[in-house]
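Quick notes on the structure that follows.
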There are 2 protein chains.
Amino acid sequence: MSQILTFLGKGGTGRSTLAVAAARAAAQQGRRVLLVGHQAGPGLEMLLGGIPLSGDPVTIAANLSVVQLRTTQLLEQNWTAAKELEAQYVRTPFFREIYGQELGVLPGMDQALALEALRRYDASGQYDCILYDGPGDLTTLRAFGIPEVASWYWRRASKAFLGSDLAKTLRPFAEPLLRSVSNVEFASLEDLPDRMGGMTNILEQGRQAIADPRRVLVHLVTTLDPIAIQTARYLWGSAQMVGLTVGGLWVTPIGSAEVPAAEFAPLTVRALPTRQGSDWSGLEAAVGGMFTVPDVPPPLAIDEGSRTVKLFIPGFTKAQIELSQSGPELTITAGDQRRNLFLPPSLAGRQVTGAKFQEPFLLISFG
Amino acid sequence: MSQILTFLGKGGTGRSTLAVAAARAAAQQGRRVLLVGHQAGPGLEMLLGGIPLSGDPVTIAANLSVVQLRTTQLLEQNWTAAKELEAQYVRTPFFREIYGQELGVLPGMDQALALEALRRYDASGQYDCILYDGPGDLTTLRAFGIPEVASWYWRRASKAFLGSDLAKTLRPFAEPLLRSVSNVEFASLEDLPDRMGGMTNILEQGRQAIADPRRVLVHLVTTLDPIAIQTARYLWGSAQMVGLTVGGLWVTPIGSAEVPAAEFAPLTVRALPTRQGSDWSGLEAAVGGMFTVPDVPPPLAIDEGSRTVKLFIPGFTKAQIELSQSGPELTITAGDQRRNLFLPPSLAGRQVTGAKFQEPFLLISFG
């Protein structure tokens with residue numbers, strides 16, 4: 001298992017430069033490093049001095065490999081895997097009529113396939129750390145939010161559907177229909193979800209990894225431009241809403257504003273030197289401690305004893321936060337993100353009796 | 001109908017600044033303008049001097065309204081519409097068990113809902129021009145690619161499915177099952193697609209608008225940083241692969257490299273002045289002609305007379321381009337994008353006899 005690092009911040013603040021510096025430094029310290037590029041265009045190749053990159057990892061220095069993700073290539077690879085799954089489960093597969101080389105890219109595929117690629121590299125055991133240089137904005141957080149959000153949709157939609165009149169109407173057709181098209185052995189419809197448990201396990205493993213800073217850690221990057229500073233703050237709160245821990249704020253010395261360190265407490269704020277042409281040594285020396293788990297509040301803390309749920313959501317005002325309860329779930333909206341919390345049994349049946357937002361904490365209490 | 005403009009380029013090159021300047025200038029010339037913000041964080045609000053923005057258009061000056069898209073809000077609005085559609089088509093709807101305020105955001109939803117919002121603002125007839133300040137990278141192009149790519153998936157998957165053994169097995173169940181759950185009157189399964197033609201019409205209208213520079217036009221933005229310049233070139237070629245026309249390249253005066261104008265021929269390359277604090281007049285004067293349809297090759301030209309298909313794909317090398325033919329369709333892959341071309345009847349049955357790439361043109365000839 002690896003530690004995965006990624007970087008959030010406004011475009012042009014030096015995220016890719018920091019990712020390369022951190023990758024080089026970690027490799028020099030003897031860690032087996034994979035740097036994963038996932039931004040449009042030749043930027044990462046140019047930063048690495050023109051080394052040609054491809055959709056498969058290439059070793060560019062001792063302990064350091066680099067891959068430039070290509071969604072069209074990942075789509076082909078995963079389509080082949082989907083056809084194998086279909087052949088395993090479906091008696092008369094029809095995916096085979098459609099070729100991986102034809103598949104166009106729809107929105108969302110970049111993120112879903114990138115997360116799957118990170119999962120595979122992590123599971124390979126070949127790397128101690130994986131640095132993901134992605135778009136670094138909400139698009140990246142949507143990707144890391146897939147396990148929790150997709151689990152919610154699976155849980156919520158199947159519950160709503162199985163309890164509906166529509167399901168009752170379809171039921172008589174379902175069993176004979178499934179038996180006629182699928183190879184899956186099942187006693188009754190009820191034990192189907194377990195027979196196909198693979199997907200939900202993968203999502204749960206992903207959710208747990210993302211919630212554990214030893215496994216997945218995020219760093220904020222800014223310049224001394226006021227908009228870049230406030231965008232970093234916004235992304236800091238947005239990262240918590242996905243369950244990610246933020247390790248610190250790194251400041252690229254461009255611009256003239258002051259970074260209000262108090263607005264980023266308790267994060268460490270570190271100034272980066274300017275890179276001198278192809279001499280990375282100054283930056284490599286400055287990025288020490290990047291993999292260390294920071295001493296910061298967890299994004300989410302559930303205390304069954306005091307019957308409270310505490311969310312750490314810096315960077316947002318009270319007006320930007322909404323809370324609602326529906327059955328065993330709490331829904332929190334902050335900025336442009338929504339988090340559905342599945343409460344433990346001891347809290348699931350209880351009514352929310354109070355919710356207080358004193359930045360950066362939202363404290364919810366139960367009767 | 002409006003003209004929609006959007007901006008592509010590396011982060012930090014001044015895309016939002018250019019969008020604001022173009023919106024202000026157009027409004028001063030008497031056009032009814034909507035500026036649509038779709039980047040994470042408070043950047044657009046700060047650029048506009050701290051005017052609070054929301055998910056609904058606010059008028060900030062004569063002829064000028066601004067909206068900051070929020071996916072969580074668009075998701076709620078579109079979920080309400082989906083429930084109405086479900087109630088119209090499905091005898092026992094079950095979506096009503098799931099509330100819009102609960103819906104989490106999965107990757108792809110930002111782009112699909114943003115495109116739908118642009119479509120609605122365009123169809124409202126309230127705006128002469130709409131400026132979309134989005135992520136400005138492949139994510140934005142994936143959104144504008146939805147009509148063509150989604151149409152392909154609908155066409156290809158339904159053809160493969162309807163011709164499969166799986167469909168033959170399901171057929172006996174399908175008709176009674178559909179009659180028991182849906183309100184749609186249909187004589188036989190064959191006339192269902194027409195009964196539900198709405199979606200394919202919307203996609204085709206979208207595809208045609210995106211292919212027409214009077215309706216949708218893109219501008220590239222760079223600084224004088226080598227990586228920003230090459231990223232602009234990459235996005236220029238990528239835009240063609242989505243059928244978008246690029247109007248020109250705008251250069252923000254940061255950095256010291258030279259813009260190789262020859263590498264961007266035949267685009268006009270224009271230098272932007274630096275904004276002096278809150279004085280926008282210099283920039284407003286510099287952005288004249290932004291809405292003009294440029295004299296550049298179309299992304300795609302099909303000549304049935306000479307039996308050739310010509311694609312304009314600047315910014316890519318021969319090694320980065322793949323071509324394959326399958327039945328009535330051509331598939332072209334360039335960079336990290338794939339385009340499936342549905343050939344007119346006169347070419348659909350013919351074999352490709354030659355394909356020549358002389359940058360920036362790919363010329364395909366048929367027997």
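The values are calculated or read from the model by the stated rules, or taken from the named source; none is laboratory data. Because the structure is a prediction, the values reported are computed rather than measured. Virtual Cβ from ideal backbone geometry, glycine too; neighbours counted across all protein chains shown. Just the protein is used for accessible areas: all its heavy atoms, side chains included, with ligands, DNA and RNA removed. Shrake-Rupley method; radii C 1.70, N 1.55, O 1.52, S 1.80 Å.
Per-residue answers, yes or no, for (1) open to solvent by less than 30 Å² (accessible area, probe 1.4 Å); (2) of a type outside the set (Lys, Arg); (3) facing chain B (nearest Cβ under 10 Å); (4) over 27 Å from the mean Cα position of the chain (by Cα):
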{"position": "A:Gln325", "(1), (2), (3), (4)": "no, yes, no, no"}
{"position": "A:Thr331", "(1), (2), (3), (4)": "yes, yes, yes, no"}
{"position": "A:Gly335", "(1), (2), (3), (4)": "yes, yes, yes, no"}
{"position": "A:Ser365", "(1), (2), (3), (4)": "no, yes, no, yes"}
Of the residues that sit in region B:138-162 and are small (Gly, Ala, Ser) and over 21 Å from B:Val66 (Cβ atoms), which one is surrounded by the fewest Cβ atoms within 10 Å (Cβ to Cβ)? B:Ser158
Taking the residues in region A:179-189 that are open to solvent by 50 Å² or more (accessible area, probe 1.4 Å) and without any contact (Cβ under 8 Å) to a residue 40 or more places away in the chain as candidates, determine which candidate is nearest to the other protein chains (Cβ to nearest Cβ). A:Arg179
Out of region A:239-285, which residues are touching a residue at least 60 places away in the same chain (Cβ under 8 Å) and of a type in the set (Asp, Glu)? A:Glu284
Name the pairs whose Cβ atoms lie under 8 Å apart, with the first residue in region A:163-176 and surrounded by fewer than 17 Cβ atoms within 10 Å (Cβ to Cβ), the second among the charged types (D, E, K, R), and 6 or more positions between them or separate chains? A:Gly163/B:Glu97; A:Thr169/B:Arg91
What residue, among those in region B:114-137 that are open to solvent by less than 20 Å² (accessible area, probe 1.4 Å) and within 11 Å of chain A (Cβ to nearest Cβ), is farthest from B:Ala334 (Cα to Cα)? B:Ala114
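If we keep just the residues of region B:81-110 that are among the small types (Gly, Ala, Ser) and open to solvent by less than 20 Å² (accessible area, probe 1.4 Å), which is farthest from the other protein chains (Cβ to nearest Cβ)? Lay out the reasoning, then the answer.
First, the residues of region B:81-110 that are among the small types (Gly, Ala, Ser): B:81-82, B:87, B:100, B:104, B:108.
Still in the list and also open to solvent by less than 20 Å² (accessible area, probe 1.4 Å): B:100, B:104, B:108.
Details: B:Gly100: 10, B:Gly104: 4, B:Gly108: 2 Å.
Looking at residues that are among the small types (Gly, Ala, Ser) and open to solvent by less than 20 Å² (accessible area, probe 1.4 Å), I get B:Gly100.
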So is B:Arg142 within 14 Å of chain A (Cβ to nearest Cβ), outside any strand (DSSP E or B), under 22 Å from the mean Cα position of the chain (by Cα) and charged (D, E, K, R) or not? yes
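Can you confirm whether region B:310-321 contains a residue that is free of Cβ contacts under 8 Å to residues at least 40 places away in the same chain, in a loop (DSSP other than H, G, I, E, B), at negative phi and open to solvent by less than 60 Å² (accessible area, probe 1.4 Å)? Walk me through it before giving the result.
Restricting attention to region B:310-321, the residues satisfying the condition of being free of Cβ contacts under 8 Å to residues at least 40 places away in the same chain are B:319-320.
Filter once more, so that each one left must be in a loop (DSSP other than H, G, I, E, B): none.
Scanning region B:310-321 turns up no residue that is free of Cβ contacts under 8 Å to residues at least 40 places away in the same chain, in a loop (DSSP other than H, G, I, E, B), at negative phi and open to solvent by less than 60 Å² (accessible area, probe 1.4 Å).
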Quick one: in region B:210-267, which of the residues that are assigned to a strand (DSSP E or B) and over 16 Å from B:Leu5 (Cβ atoms) is nearest to the chain's Cα centre (by Cα)? B:Thr222
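Tell me which residues, restricted to region A:350-360, are open to solvent by less than 80 Å² (accessible area, probe 1.4 Å) and not aliphatic (A, V, I, L, M).
From region A:350-360, those open to solvent by less than 80 Å² (accessible area, probe 1.4 Å) are A:352, A:354-355, A:357, A:360; that's our starting set.
Hits for region A:350-360 are A:Gly354, A:Phe357, A:Pro360.
Which of the residues spanning region B:30-68 are in a loop (DSSP other than H, G, I, E, B) and touching a Phe, Trp or Tyr at 6+ places or on another chain (Cβ under 9 Å)?
Here is the first cut: in region B:30-68, the ones in a loop (DSSP other than H, G, I, E, B) are B:30-32, B:38-42, B:48-57, B:62-63.
Scanning region B:30-68 gives B:Arg31, B:Arg32, B:His38, B:Ala40, B:Gly41, B:Pro42, B:Pro57.
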